[in-house]
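The values are calculated or read from the model by the stated rules, or taken from the named source; none is laboratory data. The structure presented is a predicted model; accordingly, all values stated were derived computationally and were not measured. Reconstructed Cβ throughout: ideal geometry from the backbone, glycine too, with neighbour counts over all protein chains shown.
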Amino acid sequence: MSKRKLNLLVTDKHVEGWDDPRMPTISGLRRRGYTAASIREFCKRIGVTKQDNTIEMASLESCIREDLNENAPRAMAVIDPVKLVIENYQGEGEMVTMPNHPNKPEMGSRQVPFSGEIWIDRADFREEANKQYKRLVLGKEVRLRNAYVIKAERVEKDAEGNITTIFCTYDADTLSKDPADGRKVKGVIHWVSAAHALPVEIRLYDRLFSVPNPGAADDFLSVINPESLVIKQALLNRR
């Protein structure tokens with residue numbers, strides 16, 4: 001896309017500026033979290049040519065995905081929280097050890113607070129589901145990441161029928177290990193301790209345009225993706 005069209009996006013306030021994370025600029029990529037190594041890898045893959053060429057965004061996204069997966073320390077956040085209460089959990093809470101990277105022990109670990117009331121993502125629970133669904137289902141078990149195996153027993157709903165609380169029991173002998181009786185628990189979900197959750201604003205960025213090549217559109221402004229930025233209030237595990 002030409003600089004003239006990019007400038008129009010800025011001056012007409014379709015984006016927040018040249019460094020908007022949706023913009024195809026170095027400053028925009030930096031704000032979105034792209035590392036220098038991922039950008040260099042992208043340039044290496046596509047090569048250099050004198051001809052105009054259209055490169056799929058997926059190629060660039062693949063580079064940063066690989067780089068972050070290899071090097072980024074992990075954290076847990078819940079974007080659409082629903083409360084989960086572990087009814088047989090005793091005590092005020094404890095600290096559980098989590099690796100900063102699942103495949104790199106040299107990156108160390110961190111202590112994360114755990115308690116009998118936690119938040120999980122609403123998408124990680126269903127009252128009914130088929131066998132392909134590997135998260136929490138009413139009457140079945142799942143593992144809380146780097147913590148215990150829990151079983152969903154019942155739910156509480158509001159007047160509109162929305163689930164407000166999931167009530168569970170836990171297996172106290174499964175902290176970061178398999179159940180002693182050999183039963184298999186395949187699903188793993190992330191969580192945040194309710195007493196220690198840090199409220200944060202999450203900005204979910206999607207592609208700025210709804211078509212692969214907006215520069216070829218008669219009116220490129222008409223193909224701006226209205227869902228390119230979604231802002232949500234989420235909960236983050238304190239590090």
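Within the range 188-204, the set of residues being more than 16 Å from the chain's Cα centre (by Cα) and either farther than 17 Å from Ile166 by Cβ or part of a loop (DSSP other than H, G, I, E, B) (or both) comprises Ala194, Ala195, His196. Residues that are among the aliphatic types (A, V, I, L, M) and exposed (fewer than 12 other Cβ atoms within 10 Å of the Cβ) do not occur anywhere in the range 19-33. Note on the range 152-186: among residues that are under 22 Å from Glu117 (Cβ atoms) and charged (D, E, K, R), the one that is surrounded by the fewest Cβ atoms within 10 Å (Cβ to Cβ) is Asp158.
A quick yes/no check of all residues on (1) among the hydrophobic types (A, V, I, L, M, F, W, C); (2) part of a strand (DSSP E or B); (3) touching a strand residue (DSSP E or B) at 6+ places or on another chain (Cβ under 9 Å):
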residue: Arg31; (1), (2), (3): no, no, no
residue: Lys44; (1), (2), (3): no, no, no
residue: Thr49; (1), (2), (3): no, no, no
residue: Ala58; (1), (2), (3): yes, no, no
residue: Ile64; (1), (2), (3): yes, no, no
residue: Ala75; (1), (2), (3): yes, no, yes
residue: Glu106; (1), (2), (3): no, no, no
residue: Ile118; (1), (2), (3): yes, yes, yes
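Determine whether the range 200-209 contains at least one residue that is modelled with pLDDT of 95 or more, among the acidic types (Asp, Glu) and over 25 Å from Ser59 (Cα atoms). Taking every residue of the range 200-209 in turn, at least one turns out to be modelled with pLDDT of 95 or more, among the acidic types (Asp, Glu) and over 25 Å from Ser59 (Cα atoms). Inspection of the range 1-19 finds a residue satisfying the criterion of being modelled with pLDDT under 95 and part of a loop (DSSP other than H, G, I, E, B).
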